[in-house]
Amino acid sequence: MRIYTKKAVSIDEITEFSLPLREHLKGISFISGLRIVNRLVSNDGTRKYLFALGDGHTIESVLIEDGERLTLCVSSQVGCAMGCKFCLTARGGFKRNLKAHEICDQILCVSRDIEPERKITNIVMMGMGEPLSNYKEVTGALKIMMEWLNISKRRITLSTAGFVPELERLYSDGFNVNPAISLNATTDDTRSMIMPVNKRYNLKTLLSACRRLPIPERRRITFEYVLLKDINDSAEDAARLIRLLKGVRAKVNLIPFNEYDGAHFKRPDDTTVLEFQEIVARGHISVFIRKSKGRDILAACGQLRASN
Ligand code: SF4
């Protein structure tokens, strides 16, 4: 616990322990940490970190500044096995799960790197990987964040591509952080085409589970919707989205696709995006167009790859 509360990088820093105890601990243990391999700063202030893990693999985290709010987007796996077609992380395939301490080390490492008077205020688990396919380590990390790093569950968001049993388990195990569902389509055909996980847990199964989640009264489920030109951005899609979300306390984040070299999809034009938003809003759903921060350094949604 002291390691986390003090953000200690060496056992010598934990001066609350006696000298003999520190010497003993140094003989049998060490404090793990990440090495910053690269740090890119976007025109809008967003910072993308490339970290090296102990075994040589690399992961990325993104720090997003919005006024007083400092949000860190952390990774839960090295790569990702989900194969979402619009996502750059998916292209590198899956290497391994992160350990709980490697997830939290991203927070500690960035906390030490920013100005001393600033503090990370929010955590989003939307970096590399599908958090719920690494359930044990991710929930271990959530415990550390909430109990030892003093981050309120209301300031933690966990995003999933739609691992239904683990999503339900998360809440029955008492981890009622903010849920975000990466939805991205309004028909099973389209969703299965761009997100293979839909063949296992289709829209009906996923949205039924969302209706059952014991979300506190004043909170909502965020649905992330990456808008892909001519794939999921039509007026019919917007109307279907309203019907799909009936009975769910929902908020929709529209994310116009962030293009990258070799991407198979295009970003819709601004008029299409605004029209989509207007139709959804007419269905009395809170719908926002997500400001894509860090696009110039490939730090925006779906652009993390951990290349050096
Ligand atoms: S969008 Fe998320 S779940 Fe899908 S491949 Fe990318 S990192 Fe994995």
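Taken over region 214-238, residues that are farther than 18 Å from residue 130 by Cβ and at pLDDT 95 or above amount to 13.
All conditions but one from (1) farther than 24 Å from residue 37 by Cα; (2) buried (at least 22 other Cβ atoms within 10 Å of the Cβ); (3) in contact with a Ser or Thr (Cβ under 8 Å, 6 or more places away or on another chain) apply to residue 129; the one that does not is (1).
Mind checking which residues of region 50-83 are farther than 25 Å from residue 263 by Cα and assigned to a strand (DSSP E or B)? Matches in region 50-83: 52, 65, 66, 69, 70, 71, 72.
If you go through region 96-107 one residue at a time, do you hit one that is within 22 Å of residue 144 (Cβ to Cβ), among the β-branched types (Val, Ile, Thr) and either more than 16 Å from the ligand (Cβ to nearest atom) or within 15 Å of the chain's Cα centre (by Cα) (or both)? First the steps, then the outcome.
Just the residues of region 96-107 that are within 22 Å of residue 144 (Cβ to Cβ), to begin with: 96-107.
Imposing the further condition that a residue be among the β-branched types (Val, Ile, Thr) reduces the set to 103, 107.
Next, from what is left, pick out any that are either more than 16 Å from the ligand (Cβ to nearest atom) or within 15 Å of the chain's Cα centre (by Cα) (or both): 103, 107.
Yes - at least one qualifying residue is present in region 96-107.
For region 18-35, a residue qualifies if it is of a type outside the set (Gly, Ala, Ser) and exposed (fewer than 15 other Cβ atoms within 10 Å of the Cβ), and the qualifying residues are 19, 20, 21, 23, 24, 26, 28, 30, 35. Looking at residue 153, is it more than 16 Å from the chain's Cα centre (by Cα) and not aromatic (Phe, Trp, Tyr)? Here the answer is no, as residue 153 does not meet what is asked.
Tell me, which helices (runs of 4 or more DSSP H) wholly within region 152-218 include 2 or more residues that are of a type in the set (Asp, Glu) and more than 14 Å from the ligand (Cβ to nearest atom)?
The helices (runs of 4 or more DSSP H) meeting that bar are 188-194.
Hey, any hits in region 20-40 for a residue that's aromatic (Phe, Trp, Tyr) and either within 16 Å of the ligand (Cβ to nearest atom) or farther than 26 Å from residue 140 by Cα (or both)? Don't jump to the end; show me each part of the working.
The first filter runs over region 20-40 and keeps only residues aromatic (Phe, Trp, Tyr), leaving 30.
Then keep just the ones that are either within 16 Å of the ligand (Cβ to nearest atom) or farther than 26 Å from residue 140 by Cα (or both); that gives none.
No, there is no match, as no residue in region 20-40 is aromatic (Phe, Trp, Tyr) and either within 16 Å of the ligand (Cβ to nearest atom) or farther than 26 Å from residue 140 by Cα (or both).
A single member of 109, 104 is touching a helix residue (DSSP H, G or I) at 6+ places or on another chain (Cβ under 8 Å), of a type outside the set (Lys, Arg) and in a helix (DSSP H, G or I), and it is 104. Of 272, 205, all but one fail to be modelled with pLDDT of 95 or more and touching a strand residue (DSSP E or B) at 6+ places or on another chain (Cβ under 9 Å); the exception is 272. Per the listing 34, 50, 70, 40, the residue uniquely under 18 Å from residue 111 (Cβ atoms) and touching a helix residue (DSSP H, G or I) at 6+ places or on another chain (Cβ under 6 Å) is 34. Every condition in (1) touching a residue at least 12 places away in the same chain (Cβ under 8 Å); (2) outside any strand (DSSP E or B); (3) surrounded by fewer than 21 Cβ atoms within 10 Å (Cβ to Cβ) is met by residue 40 except one, and the failing one is (2). Criterion applied to 78, 74 was being surrounded by 23 or more Cβ atoms within 10 Å (Cβ to Cβ), within 13 Å of the ligand (Cβ to nearest atom) and touching a residue at least 40 places away in the same chain (Cβ under 8 Å), and the one residue passing it is 74.
The values are calculated or read from the model by the stated rules, or taken from the named source; none is laboratory data. This is a predicted model, so every value here is computed, not measured. Ideal geometry is used to build each Cβ from the backbone, glycine not excepted, and the neighbour counts take in all protein chains shown.
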